[in-house]
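What follows is a single structure, written as structure tokens, with notes after it.
The values are calculated or read from the model by the stated rules, or taken from the named source; none is laboratory data. Here the structure is a predicted model, which means the values were calculated and not measured. No Cβ is skipped: glycine too gets one built from the backbone with ideal geometry, and neighbour counts run over all protein chains shown. Please note that ligands, DNA and RNA were not included when accessible areas were found on the heavy atoms of the full protein model with its side chains. Shrake-Rupley method; radii C 1.70, N 1.55, O 1.52, S 1.80 Å.
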Amino acid sequence: MAVLDKETVRQQALKEGFSQVGFARPELPEAMGRLQQYVDLERHGQMAWMADRMAWRGDPSALWPEAKSVIMLAESYTPDDDPMEAIKRYDAGAISVYARNRDYHDIVKKRLKRVGRWLINQAGADTEIKVFVDTAPVMEKPLGAKAGLGWQGKHTNLVGRELGSWFFLGAIFTTLDLDPDPAEVDHCGSCTACLTSCPTDAFPAPYQIDARRCISYLTIEHHGPVDENLRPLLGNRIYGCDDCLAACPWNKFAVEAADIRYHARADLVSPPLSELVILDDAAFRERFSGSPIKRIGRNRFVRNVLYAIGNSGDKTLKHLVSALLADPDETVAEAANWAMARL
Ligand code: B12
Ligand code: SF4
Ligand code: SF4
């Protein structure tokens, strides 16, 4: 059996394609209080799942008491172009960089499982692992910071000195005892670029976000009509938002994602609103097969496209909007009426 130290694990994970690897104990003494404050202030909006299983989310040692170490993995999705170009178009939608091709959940999970299987082969069948990416009650950002992958920037996401802001996080919890890495320290200094870049003023304070105002939340997580006061601020952003990430000066050290499955699909860089607003359920599912966008469904997506049309000032789109004024989905119909009134 091979000698298994953390450097061997790190090299293997890098070989599998992860961009950076760090190790931590499954302990987050500060996170629970901050999570509690976030939920008490209702900053999670309709994401009720954030308030469920708080005991696990806020304390990884409660989630799986047998785990001795957490291997945190960063996966770069750095774009090769300026993502802010897309928000300058009035006739086309802006889709967040992370959603311009394949769904990262699938890619990262498969990579995590490959590293996990290798780990068990090397360390012996007694070793247990659990892999997580995004959807489990695990606070991945504070764990990533503790494992030295980066620090939680003022926009609340993890920033790395080499990776900038464009990377996903994955976690492997294991019963193996692996030496923790030193936590990364904050390198934001006096910078406030992300805070001032936010179109909806979603940061009540540095390092804190009110998801209810965040365009990523409003376009992806929020169901039903969006607050009318916020709709004009969405501009042409129809799925997610990158403004605060793109503003970060640490991105200048980041290199384009190695995995081509994150490179933008040409038809998702600036898709014409006229093409998107006419999608029915089947056409929506076909167009977004394999993409994270598929998760929000046709109705929420078309709602977002109608808000973008309402903000576009493009009267040539009126005839397409009028076809949706009595859409069977109430939220779509209401968005169409709003867009029509704006045009
Ligand atoms: C819920 C969620 C959202 C929500 C809420 C965001 C949020 N910040 O909470 C919404 C839908 C808005 C969202 C948006 C996005 N998300 Co998101 N999201 C999550 C999720 C599922 C949970 C995050 C969470 O626990 N929030 C609860 C709050 C309380 O925790 P927190 O954000 O860590 O808050 C901390 C700070 O407030 C901090 N704090 C408070 N005061 C102070 C003071 C100081 C000095 C410091 C240092 C810290 C501090 O303490 C809290 C606890 O650590 C994670 C995946 C996961 N399981 O972790 C992905 C995740 C955070 N999202 C991710 C991404 C990529 C995005 C988007 C960029 C997508 C997009 N382009 O549209 C945006 C970015 C918006 C933003 N600025 O955060 C990535 C981030 C990767 C990274 N490099 O950090 C994650 C980790 C998913 C993944 N597996 O890769 N997301
Ligand atoms: S993702 Fe966009 S809306 Fe959300 S906090 Fe960042 S800049 Fe603001
Ligand atoms: S933009 Fe500035 S303040 Fe925001 S995360 Fe990057 S370095 Fe920190």
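Quick check on Lys141: is it within 16 Å of ligand 2 (Cβ to nearest atom), assigned by TED's automatic domain parsing to the domain that holds Ala24, among the basic types (Lys, Arg) and in contact with a helix residue (DSSP H, G or I) (Cβ under 8 Å, 6 or more places away or on another chain)? No: the conditions fail for Lys141.
Conditions tested, residue by residue: (1) in a helix (DSSP H, G or I); (2) not acidic (Asp, Glu).
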residue: Gln11; (1), (2): yes, yes
residue: Gly17; (1), (2): no, yes
residue: Phe23; (1), (2): no, yes
residue: Glu27; (1), (2): no, no
residue: Met32; (1), (2): yes, yes
residue: Leu35; (1), (2): yes, yes
residue: Tyr38; (1), (2): yes, yes
residue: Glu42; (1), (2): no, no
residue: Gly45; (1), (2): no, yes
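Out of Val108, Val159, I need the residue that is under 20 Å from the mean Cα position of the chain (by Cα) and farther than 30 Å from Asp201 by Cβ. Which one? Let's see the steps before the verdict.
Working: Val159 fails: farther than 30 Å from Asp201 by Cβ.
Going through Val108, Val159 in turn, just one is under 20 Å from the mean Cα position of the chain (by Cα) and farther than 30 Å from Asp201 by Cβ: Val108.
Within the option set Ala183, Ala171, Ala193, being at pLDDT 95 or above, more than 13 Å from ligand 3 (Cβ to nearest atom) and either closer than 23 Å to Asn311 by Cα or open to solvent by 30 Å² or more (accessible area, probe 1.4 Å) (or both) holds for one residue only, Ala183. The one condition from (1) crowded, with 21+ Cβ neighbours inside 10 Å; (2) over 29 Å from Ala48 (Cα atoms); (3) of a type outside the set (Asp, Glu) that Val159 does not meet is (2). Restricting attention to segment 98-127, the residues that are of a type outside the set (S, T, N, Q), buried (at least 16 other Cβ atoms within 10 Å of the Cβ) and assigned to a loop (DSSP other than H, G, I, E, B) total 3. The criterion of at least 3 residues that are of a type outside the set (Ser, Thr, Tyr) and within 16 Å of ligand 1 (Cβ to nearest atom) is met, among helices (runs of 4 or more DSSP H) falling completely within segment 230-314, by 243-246, 297-312.
Within the span defined as segment 184-205, one or more residues are under 27 Å from Lys113 (Cβ atoms) and either in contact with a Lys or Arg (Cβ under 8 Å, 6 or more places away or on another chain) or away from ligand 2 (no atom under 16 Å from the Cβ) (or both).
Have a look at Tyr207, Tyr239 and point out the one that is in the same structural domain as Arg303 (by TED's automatic domain parsing) and open to solvent by 30 Å² or more (accessible area, probe 1.4 Å). Outline the logic, then answer.
Numbers: Tyr239 fails: open to solvent by 30 Å² or more (accessible area, probe 1.4 Å).
Just one listed residue meets the conditions, Tyr207.
Hey, can you tell me all the residues within segment 128-155 that are within 16 Å of ligand 3 (Cβ to nearest atom), outside any loop (DSSP other than H, G, I, E, B) and open to solvent by 10 Å² or more (accessible area, probe 1.4 Å)? Break it down stepwise before answering.
Restricting attention to segment 128-155, the residues satisfying the condition of being within 16 Å of ligand 3 (Cβ to nearest atom) are 141-142, 144-145, 149-155.
Still in the running and outside any loop (DSSP other than H, G, I, E, B): 141-142, 144-145, 151-152.
Listed by number, the residues that qualify are Lys141, Pro142, Ala145, Gln152.
If you go through segment 223-236 and keep only what is open to solvent by less than 30 Å² (accessible area, probe 1.4 Å) and more than 10 Å from ligand 2 (Cβ to nearest atom), you end up with Gly224, Val226, Arg231, Gly235, Asn236. Considering only residues in segment 5-47 that are open to solvent by less than 30 Å² (accessible area, probe 1.4 Å) and of a type in the set (Phe, Trp, Tyr), the one that is nearest to the chain's Cα centre (by Cα) turns out to be Phe18.
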